[in-house]
Structures are given as C-alpha cells and as structure tokens.
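Participant: Let me give you the structure first, and then I'll get to my questions.
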Amino acid sequence: MEHSEHEHVIEVTDLRRVYGGGFEAVRGITLSVARGEIYALLGTNGAGKTSTVELLEGLAPPDGGRVRVLGHDPYRERTAVRPRTGVMLQEGGFPAELTVGETVRMWAGCTTGARPPAEALGLVGLGARTDVRVKQLSGGERRRLDLALALLGRPEVLFLDEPTTGLDAEGRRDTWELVRALRDSGTTVLLTTHYLEEAEDLADRLAILHAGRVAATGTPAEVTAAQPARISFRLPPGYFLGDLPPLGPLGVSGHETDGDVVRLRTSELQRTATGLLAWAERSRVELHALDMRSASLEEAFLGIARKREAAA
Amino acid sequence: MNGITGEDRRTAIGKLPAVGSGLFTSRSRRRVRALAGAEFALLGRNRSAVATALLVPLALPFSVRPAIDQADFRGVNLGTLMLTAAIGFSFLFAVYTSLVSAYVARREELVLKRLRTGEPTDVEILGGTALPAVCLGLAQALVLALGCVVLLDAGAPRAPWLTVLGLLTGLTLSATLAALTSAFTRTTESAQVTALPLVFMSMIGSGIALPTDLLPHRAAAVCEFLPLSPAVRLVRAGWTGELTAYEAFGTVLTALAWTVVAVFAVRRWFRWEPRR
C-alpha cells in the first residue's frame, strides 16, 4: 500500500458488470481517485454510474476487472473496508414507520465510532425533525437523512449516488458546501450526478460515462478544454453563408446552417468573434440572436453523447 | 475534523477483522441489538402483525378444542394436546408469518440493501430482523405452556430438555423458512398467500392443529419428515416422555437436517433487493 501524499484511495481497473439478462452495464472502466479528492461520475441515465458505484461500495462482486478501496477488495474484505466508508444510495432505504431519530440511532448502533445522532442530524440540518416519522419527510429531507447516515461513522471515503436529486436549490447548495467542507478535512468523495453544473462546481476531477465506458476524464477544465466554443446567429434576409468571410482563416473548425440560423464551432473564440463582428460592421449587417459561448461541461457532455450516437 | 490521521486509522483498522468478525463479539452483539431494537419498534407499530402474532396462537388452540374433545384419545392428556397446538401456532404465526412480511417489507423499502452498505454482516441483518419475532414467539410459548399446566392440568414436563430442544429448533427453523419464503414473495400483501402452504401443511401434517396419531398410518410416517414436525414432536415428547432416546435422537437429527437445508436455501435464494 502506498503511503505517499497522493495515495490512490479508490483504484478501478477494467471493471465489468453484467446483469442477469446479459445486459452489460459496465464495460471496462478504469479510474483512480486520490485521497482528499472529490471525483464525479457524470452520465445520462443508463450510462452505468450506479452500476459502477455499487461495485465500489462492495454491494456486488464485479464480473471482470478489479476494485480496490483503501487497498482492499470492498466485496470480499468488507470487514476491513466498511468501517472506513460511508454510503448514500440513489434511493433511500429506511423503514417508513421509524422516526428520524430512531433511524439514526439504529444506524449508529451498527457503526464503529459513530458521531452522536444529534450531531449527524445537525450537519444536514434535520435536527428539528428528529421525532418525525420517515414516511412524513419530503423527498429532499429523505436525501438529507440518507446523507446524515453516510456521515455517521466519520468515513474516510464517501460514496454519494445522486446526492442532490430531489433537493431544492438551497438544499443543493447546502449539500455542496458540506461536501466541500468534508473534502477540506481530508475525506475522499466519489459522487454520481446528472447535473452538469454540480460536477463542474464541485468536482476536482470527473469522468463522463457513456454506455458503460469512460468517454472523457480529467479536471472539469481539461474536459471542457477539449471542446470547441460555439457561436450562433441569424443572417438577415438576402444574406447567405457564402457572404461571410472565409471561415477557415477565422479559426472556425466546423459550421452548420438551419434556415437562416448559422452555428459555428471554434477553438479560438476571440479570433473568430472579432473577424465575424468586424465583417458585420463593415457590411452593415445586423446579426440577430447573436450568441457566443465558450465550451462548458454541457457542450462536452452533449458532444460525447452525439459522437457516440453517430458512431452507433 | 476527526483528529485521527490516516496512519492511526490504518493500524486501528488492521486489527479489526480479528476482533470485529463473528457473531458473538461485542461489536456484533451491539449491531444485532441496534437492528433488533428498530425492528421491535416497527413490530409494535404494525397493528395487524401484532394481532396475528399475539391473538392467533392464543385463540386457535381453544377453537380447535371442541374437535379434540369429540375425538376419542385414550390416554392422551388434553392439556398436552393444547400445549403442543399453542406452541406450534406460535411458531407459525408469531414467528413464521410475521417474519415473512417483515423481510419482504424491509427488502421492498430498500432497507436491507442500505444495511448491506454498512458494517453489519448478512447474518446480523437477518438475525437482528428476526430477533423480536423470535423472542415474542418464545415468550408466548412460555406463557401458553404455563397456562396449559395451570389451567388444563398438563402436568410437569417429563423430559424438559426435549421441549427446550424443540423450542430452539422450531423457532430457528420458523425464522429461516420465513427468510426463504420472502425470496418468493414480491409484496407484503402477497406474503399472506405465500405463507399459507407451510402454515396449512404444518397445522395438519406436523401435529399442531391435530395430533399426527389421527392421520392414517402411512401419511403419519411421511408427515414426520415435514419441516416443523420434529420440533413439534420434541416439544410434545418433552411433556409426555413418549420418545425413547433412540427416537429422540432421530427426531433431533431430522430437525437439524431441515435447519441445514433451510440455511443453505436462504444463502442460495434470499433476495436483498427488489426485482427490477
């Protein structure tokens, strides 16, 4: 086991998972997460996020490849791993008739070195709901209860499967702040999300999953840097694409038209924009619905989905 | 935040498997207690489960009493018959039926899956969930036994250790079979149907609702091998002393065989998550 600063807390090599019906949900995923990092698995529904996380949590053995969490196999060596990990599943898992307090006390009884239940509930802002039955909680409150249980054992590694789904904007921000605070205190966090801004804001590194494979990986900046910026506008009547100055020298890497709407892709946004606007000024052309944007994770995400579809 | 460095933790955790594994360590007992405590609270809040578990074993023996009165059992004590019936009903209703529902409910609420992400082992989860029902069944059996001794003149048990063995194997097997039945039960509503085959089979064939002496000879011989027959036979024989040492040994062996088979079947078929 490495003892260096950059010790890999989670190591996954060529991971595969095949379900009973023969559906291959995870098709060879390799990734590693360093200590104290927030790592996001991003993907559309069915991309294999939950199937992957369940293997990391040790809920099932992989059908191929290798998983190591804190240097151990999380399925076969669960007694070594479980006291050091905290898990929040995609969907609840509490008896509806227990109160919030009873649920946390039960979980605390099952957890080595558990925080006092009141402290755990305080972390997620559920302190005032201690005596309420779980069935009376809102969807967002249930997510926060789930997070409280995941944090109960002061875990070194935290697995959060869609932690903010069903939360309102404020609850989402609170959760993000809490996750950042945990990271700053040394906790390693692996989370899945289909909210792009969540991954962009929160993750130190991320992997975009598509059809059970890693389609892109790196820091949010690295992943978006590989994507072109986009410019779109409408040409006034009587003008056509051919009236624009030559696109190649402007740095445009691709274009498409849809009626009078023109869309350009460029990796040199400033040069392309300057050339385009200078031309418009010279030619006294008004570009309607002008929109310019540098690449975002969303572009990267949609780009990957489109490319894969075209390939399929 | 937690004031423990990674290094400290690694050494602390490195020792864990030795102290932390097995069912009888203090950590394990603590987890089972926590799970059983929650399950006990849930049992208390489920009125229909409480009614079935408590009232049926109390009421049924007395409802079959007229039939027993009419039948002519020379030399068989009414108290003993009622006692066997009452304890058998505890197995079937306080433990088996109520646990089928409990396992299915926890599975469908994703509680079992959630628990498996934590420290409890599979055996602790299943055992902790079963514990309240098993204790209820045991308490009920003891109260009913006392009732039959005091009110129905059942007399003192002649071989109490056989009754104890019967109670132990009966309670264990009822809980294990409940876990197995839950694997073939999709919803808590259908649990009332999937639990019926074993309930009926045991009531008639295992000497609970009526003594196996009433069955045709050949049928009685086959029925001795039903899952709960050995347990019921041991409970009754503990009171009457009707089994020779050799017969008692064979009966205990059958009970153990059923327990082993049921445990393997649970390991093979038990479902921890709802079907998708």
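Participant: Of A:V214, B:V232, A:A225, which is farthest on the positive side of the dipole of the protein assembly as shown, counting Cα position, with +1 on Lys and Arg Cβ, -1 on Asp and Glu Cβ, and the Cα centre as origin?
Facilitator: Of the candidates, B:V232 comes out farthest on the positive side.
Participant: May I ask you to derive the relative contact order of region B:25-269, considering only C-alpha pairs under 8 Å and at least 6 residues apart, and to give it as an integer percent? Intermediate values should be presented prior to the final figure.
Facilitator: On the way: 309 pairs, mean separation 63.3, N = 245.
Relative CO of region B:25-269 lands at 26 percent.
Participant: Can you compute the helix-only [θ] at 222 nm over chain A? Use -39500 (n - 2.57) per DSSP H run of at least 4 residues, normalise by all residues, nearest 500 deg cm²/dmol. Kindly include the intermediate steps, with their values, before the conclusion.
Facilitator: Numbers: 10 runs with 102 residues, N = 312.
That calculation yields -9500 deg cm²/dmol at 222 nm.
Participant: Kindly rank A:199-205, A:46-52 from highest to lowest mean number of other beta carbons found within 10 Å of each residue. Don't jump to the answer; show the numbers that get you there.
Facilitator: Working: A:199-205: 20.1, A:46-52: 22.6.
Descending mean neighbour count gives A:46-52, A:199-205.
Participant: In percent, how large is the relative contact order of chain A, given Cα pairs closer than 8 Å and 6 or more residues apart?
Facilitator: Reported relative contact order: 19 percent.
Participant: So how strong a dipole does region B:25-269 carry about its Cα centre when Lys and Arg Cβ are +1 and Asp and Glu Cβ are -1, to the nearest 20 debye? Mind dumping the intermediate values first?
Facilitator: Working: 21 positive and 14 negative charges, 189 e Å.
Using only the charged Cβ atoms, the result is roughly 920 debye.
Participant: Can you give the angle from 0 to 90° between the axis of helix A:297-311 and the longest principal axis of chain A, with both taken from C-alpha atoms, to the nearest 10?
Facilitator: 80
Participant: Going by average Cβ neighbours within 10 Å, how do the peptides B:129-142, A:261-274 rank, with the highest at the top?
Facilitator: On the way: B:129-142: 21.4, A:261-274: 17.6.
Ranked from most to least packed, the peptides come out as B:129-142, A:261-274.
Participant: Which ³J(HN,Hα) values in Hz, rounded to whole numbers, follow from the phi angles of region A:206-214 under the Karplus curve 6.51 cos²θ - 1.76 cosθ + 1.60, where θ = phi - 60° and Gly and Pro get x?
Facilitator: 8, 10, 8, 9, 8, 6, x, 10, 7
Participant: Another question, then. Sort the following peptides by mean Cβ neighbour count (other Cβ atoms within 10 Å, averaged over residues), highest first: B:170-177, B:219-226, A:93-100. Could the numbers behind the result be given before it?
Facilitator: Numbers: B:170-177: 25.4, B:219-226: 14.9, A:93-100: 20.6.
Highest mean packing first, the order is B:170-177, A:93-100, B:219-226.
Participant: Run the dipole for the protein assembly as shown about the Cα centre, Lys and Arg Cβ at +1, Asp and Glu Cβ at -1, nothing else charged, and hand back the magnitude in debye, nearest 20.
Facilitator: Details: 64 positive and 61 negative charges, 245 e Å.
Charge dipole, the protein assembly as shown, about its Cα centre: 1180 debye, nearest 20.
Participant: Next question, about the same structure. Peptide B:41-49: average number of partner chain Cβ atoms within 10 Å per residue?
Facilitator: 2
Participant: What is the order of B:E108, A:E57, fewest Cβ neighbours within 10 Å to most? Show your work: numbers first, answer last.
Facilitator: On the way: B:E108 17, A:E57 26.
Ascending number of Cβ neighbours within 10 Å: B:E108, A:E57.
Participant: Using 0.36 nm per residue of separation minus the Cα-Cα distance, give me the extension gain between B:E273 and B:R186 in nm, one decimal.
Facilitator: Values: separation 87, 0.36 × 87 = 31.32 nm, distance 1.06 nm.
Between B:E273 and B:R186, full extension yields 30.3 nm more.
Participant: In addition: Taking only Cα atoms, what is the 0 to 90° angle, nearest 10, from helix A:269-283's long axis to the longest principal axis of chain A?
Facilitator: It is inclined by approximately 30 degrees.
Participant: In addition: When Cβ neighbours within 10 Å are restricted to other protein chains, what is their mean count per residue of peptide A:84-94?
Facilitator: The per-residue average across the peptide is 4.
Participant: For A:I38, what residues show an amide H to amide H distance below 5 Å, using hydrogens built from the backbone and excluding near sequence neighbours?
Facilitator: Amide H neighbours of A:I38, under 5 Å, 5+ apart: A:V189, A:D204, A:R205.
Participant: For region A:147-152, in order, what is each residue's ³J(HN,Hα) by Karplus, 6.51 cos²θ - 1.76 cosθ + 1.60 with θ = phi - 60°, in whole Hz (x at glycine and Pro)?
Facilitator: 5, 4, 5, 5, 8, 4
Participant: For every other residue with a beta carbon closer than 13 angstrom to the beta carbon of A:G65, add +1 if it is Lys or Arg and -1 if Asp or Glu, then tell me the sum.
Facilitator: On the way: positive: A:R16, A:R17, A:R27, A:R66, A:R68, A:R213; negative: A:E11, A:D14, A:E24, A:D63, A:D73.
Taking every Cβ under 13 Å from that of A:G65, the sum is +1.
Participant: Go through B:F93, B:V111, B:L58 and say which Cα lies farthest out towards the positive end of the charge dipole of region B:25-269; charges sit on Cβ, +1 for Lys and Arg, -1 for Asp and Glu.
Facilitator: Of the options given, the answer is B:V111.
Participant: Projected onto the charge dipole of the protein assembly as shown (+1 at Lys/Arg Cβ, -1 at Asp/Glu Cβ, origin at the Cα centre), which of A:G65, B:A179, B:V222 gives the Cα projection farthest towards the positive end?
Facilitator: Going by the Cα projections, it comes out as B:V222.
Participant: Hey, another quick one. Quick check: net charge around B:S182, other residues with Cβ under 15 Å of its Cβ, Lys/Arg +1 and Asp/Glu -1?
Facilitator: Numbers: positive: B:R106, B:R107, B:K113, B:R186, B:R267, B:R268, B:R271, B:R275; negative: B:E39, B:E108, B:E109, B:D122, B:E189, B:E273.
Charge balance near B:S182 sits at +2.
Each reported figure results from applying straightforward, stated rules to the coordinates on display, with no laboratory input. These numbers were taken from a predicted model, which means no experiment stands behind them. Methodologically, a virtual Cβ is constructed for each residue, glycine included, from the backbone with ideal geometry; neighbour enumeration extends over all protein chains shown.
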